[in-house]
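Here is the structure we will look at, set down as structure tokens.
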Amino acid sequence: MERIRLPEPISGGLLLSYRCTARCRHCMYACSPKWKEDWISEESLRKILTQLAGKIKPSPWGAENVSLNYGLHFTGGEPFLNFDLLRRAVEIASELKIPSTFVETNCYWCSEDNLTREKLKILKGKGLKGILISVNPFYLEYVPFERTERAIRISREVFGRNVMVYQAEYYVLFKKMGIKGRISVEDYMKATREKNLAKNVELFLMGRAAYELGEFYPRYPADYFFHEPCQPPFLRNWHNHFDNYGNFLPGYCG
Ligand code: SF4
């Protein structure tokens, strides 16, 4: 059998666990509150971060800045569910001089200004460079929009321009719509008359999405895909994920 060597990663995300406060229909790793609290151990954290140190490339704007497909991000699941571990991960990455680090969050924890500011400042103090804030109608089913707004406003105070809103178009739209609280995908679609949500939300048809968003896509038997090559995603060196069980998850394959 032909053996293929995986390329050295130049960027990626470290999953602290698959546990999440939400159960988004489009979640690429089917995260949810039902996952065990199998947080990555400090030993594994150090081992993986040490392996990545020296390989991860900084953002084109420099190691103090962030870009989606450069540097290293801390993710899950929801990493703020275990703030002490997240803080430790940032600390170790910083000791190892891993550039362009950021955290990805659904903002569930941003219930109040002072608490939000305090946590973000602690992470910044430990060496975190920025944040990625998730926004689309699937998150809106679980996270009150006020928390997302608070997270963005205070993150900009703390991290300046190192705040990525993914997807910013939905943030602008939800503001225009005056959304308050949470709203189901069905009610959102009724309110916007949006027919094909899957077309506008950037998502990967994997994980829970493949089961829950079937109505938005044509169906084919499995053998229709047999000629599709799996190799390119495996051989990609950017934006792969590394999980709490020591697995390497090639870019958008899972
Ligand atoms: S918030 Fe993120 S990790 Fe959690 S279920 Fe939604 S997409 Fe998955």
Report summary line: From DSSP H assignment alone, runs of 4+ in the chain each adding -39500 (n - 2.57), the sum over residues rounded to the nearest 500 puts [θ] at 222 nm at -9500 deg cm²/dmol
Report summary line: Inter-part gap, Cα centre of segment 67-86 to Cα centre of segment 189-249, in whole angstrom, is 21
Query raised in the report: Given Pro218, Trp109, Ile48, which one lies farthest toward the positive end of the charge dipole of the chain, if we put +1 on the Cβ of every Lys and Arg and -1 on the Cβ of every Asp and Glu?
Result: Trp109
Query - trypsin sites (Lys or Arg not before Pro) restricted to segment 1-72 and DSSP loop, no more than 15 other C-beta within 10 Å - result: Arg3, Arg5, Lys34, Lys36, Lys55
Report task. Can you list which of the chymotrypsin sites (Phe, Trp or Tyr not before Pro) found in segment 168-254 are DSSP loop residues with at most 16 other C-beta atoms within 10 Å? Result -> Phe204, Phe226, Trp238, Tyr245, Tyr252
Report task. Find which of Leu68, Gly127, His241 sits farthest along the positive direction of the dipole of the chain, computed with +1 on the beta-carbon of Lys and Arg, -1 on that of Asp and Glu, about the Cα centre. Result -> Gly127
Query - Selection of trypsin sites (Lys or Arg not before Pro), segment 99-199, meeting DSSP coil and at most 13 other Cβ within 10 Å - result: Arg161, Lys180, Arg193, Lys195
Report summary line: Between the alpha carbon centres of segment 17-34 and segment 139-162 the gap in Å comes to 19
Query raised in the report: Among Ile179, Ile4, which comes first, second and so on when ranked by fewest other beta-carbon atoms within 10 Å?
Result: Ile4, Ile179
Report summary line: Across Pro58, Pro79, Pro218, the residue with the highest GNM fluctuation in the chain (Cα network, 10 Å cutoff) is Pro218
Query raised in the report: Given H placed 1.01 Å from N in the peptide plane, which residues other than close sequence neighbours of Leu249 have an amide H under 5 Å from its amide H?
Result: His241, Phe242, Asp243
**Report entry** In Å, descending, principal axis extents of the Cα set of segment 60-153
**Finding:** 37, 25, 23
Requested in this report: Using only the C-alpha atoms of the chain, find the volume of their convex hull and express it per residue in Å³.
Outcome: 137
Requested in this report: Please find, in a Gaussian network model of the chain (springs between Cα atoms separated by less than 10 Å), the residue of Leu205, Leu173, Leu86 whose mean-square fluctuation is greatest.
Outcome: Leu173
Query raised in the report: Taking the chain as a Gaussian network, where each spring joins two C-alpha atoms under 10 Å apart, which residue of Leu45, Leu96, Leu123 fluctuates the most?
Result: Leu96
Requested in this report: Would you mind checking which residues have amide H under 5 Å from Val103's amide H? H placed 1.01 Å from N; only 5 or more apart, or other chain.
Outcome: Phe74, Gly130, Ile131, Leu132
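The numbers here are math on the coordinates, done by the rules we state, and not lab data. Just so we're clear, the structure is a prediction, and the values are computed from it rather than from any experiment. Using ideal geometry, Cβ is built from the backbone for each residue, glycine included, and neighbour counts are taken over all protein chains shown.
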